[in-house]
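Any read-out appearing in this document is the output of simple, stated calculations on the displayed coordinates, not a laboratory observation. Since the structure is predicted, the reported quantities are computational estimates derived from the model, not experimental observations. Positions of Cβ are generated from backbone atoms using ideal geometry, with glycine treated the same way; all protein chains shown enter the neighbour counts.
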Amino acid sequence: MGTEGNTSIAGHRTTYDAPFNHIDELQPGDEIHVTGILGKFTYRVMDPQTAYPEQINTVVGQGAGHIIVRPVDTWVLGDFGDNRITLTAYHPKLSSRQRTIVAAELVEAAVDVPVFDPDIVALFTDETLTGETLTDDALTDDSLSEDTLFQDSAELDEGLDLDSGLRGERYAIPGAILWMLGAIFFWVGAGLVGHRLFGERSRRLAVRFVGLQPAACCLWLSFKMIDRALPAG
């Protein structure tokens, strides 16, 4: 980000703290402040008519500062000849049927990408790819040509699931059920204990209050697990 081209940022609308919950409320001219490894940058939300003049008639829906497209409409991530960020989120909430897209243009001048320094890269070892230390000779070898790198990247992309992790963590469902049962156990158990041991209503309520605390903790943990199990709407 902050460089030339199109940088894409995807966020959740209902889970994982929902950073893009109100993405569809952004208006043209709203500022977006982004911090990255190259510094802090300011972007301004674009009117969809200006951001996508040639594709605007193909979108599913349109708002003041956003468009709605199908998951296969990856053209929103292409290079439009300007310096922008593209915010992406699921639409509608709790569904992956479509995508909400917001385009924002860089307000300041774009910064240059740091120059690739072979001497520094040679200090590191990438055991997962080659098992050998990168050297200056290796970096200039034909096997690391631009065409080869792009080809290898394409082969890796073929096996990628771009929605991986966005459909929800199904393994969290049993944990959510167990924590929910724990909440019921403490709440009901405290009521039964108070009813059997104490005749006064105030004492029974006191015991129920004691059981409320672990029940509330279990309930909170259950909701956290449910949050992880829900799709990334």
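The modelled label-to-label distance between residue 97 and residue 33, using points 7 Å beyond Cα along the C-beta direction, is 3.8 nm.
What net charge do the residues around residue 81 carry, taking every other residue with its C-beta under 12 Å from that of residue 81, with Lys and Arg at +1 and Asp and Glu at -1? Walk me through the numbers before you get to the answer.
Numbers: positive: 84; negative: 4, 54, 79, 82, 105.
In short, -4.
Contact order, relative form, for the stretch 5-106: 35 percent (alpha carbon pairs under 8 Å, 6 or more residues apart, mean separation divided by residue count).
Counted by Cβ distance under 14 Å from residue 210, the other residues give a net charge of +3, where Lys and Arg count +1 and Asp and Glu count -1.
For an R0 of 30 angstrom, estimate the FRET efficiency from the Cβ-Cβ distance between residue 17 and residue 193 and round to the nearest 0.05.
On the way: r = 38 Å, r/R0 = 1.25.
About 0.20, to the nearest 0.05.
Each residue of the stretch 67-84 was assigned a 3J(HN,Hα) from its phi angle through the Karplus curve 6.51 cos²θ - 1.76 cosθ + 1.60 (θ = phi - 60°); the sequence is 10, 10, 10, 7, x, 7, 7, 6, 4, 5, 9, x, 8, 9, x, 10, 10, 9 Hz, with glycine and proline shown as x.
Less than 5 angstrom separates the built amide H of residue 30 from those of 45, all sequence-distant by 5 or more or on a different chain.
Can you classify the stretch 5-106 as rounded, prolate or oblate using the Cα gyration tensor, where a ≥ b ≥ c are the square roots of its eigenvalues, rounded means a/c under 1.5, and otherwise it's prolate if a/b beats b/c and oblate if not?
Since a/c reaches 1.5 but b/c is at least a/b, the shape of the stretch 5-106 is classed as oblate.
Please sort by residue number the chymotrypsin sites (Phe, Trp or Tyr not before Pro) in the stretch 174-227 whose DSSP state is loop and whose Cβ has at most 15 other Cβ atoms within 10 Å. Working shown, then result.
Working: sites: 179, 185, 186, 187, 198, 209, 220, 223; in loops: 198.
Qualifying residues, ordered by number: 198.
Projecting label points 7 angstrom from Cα along Cα→Cβ for residue 213 and residue 44 puts them 5.6 nm apart.
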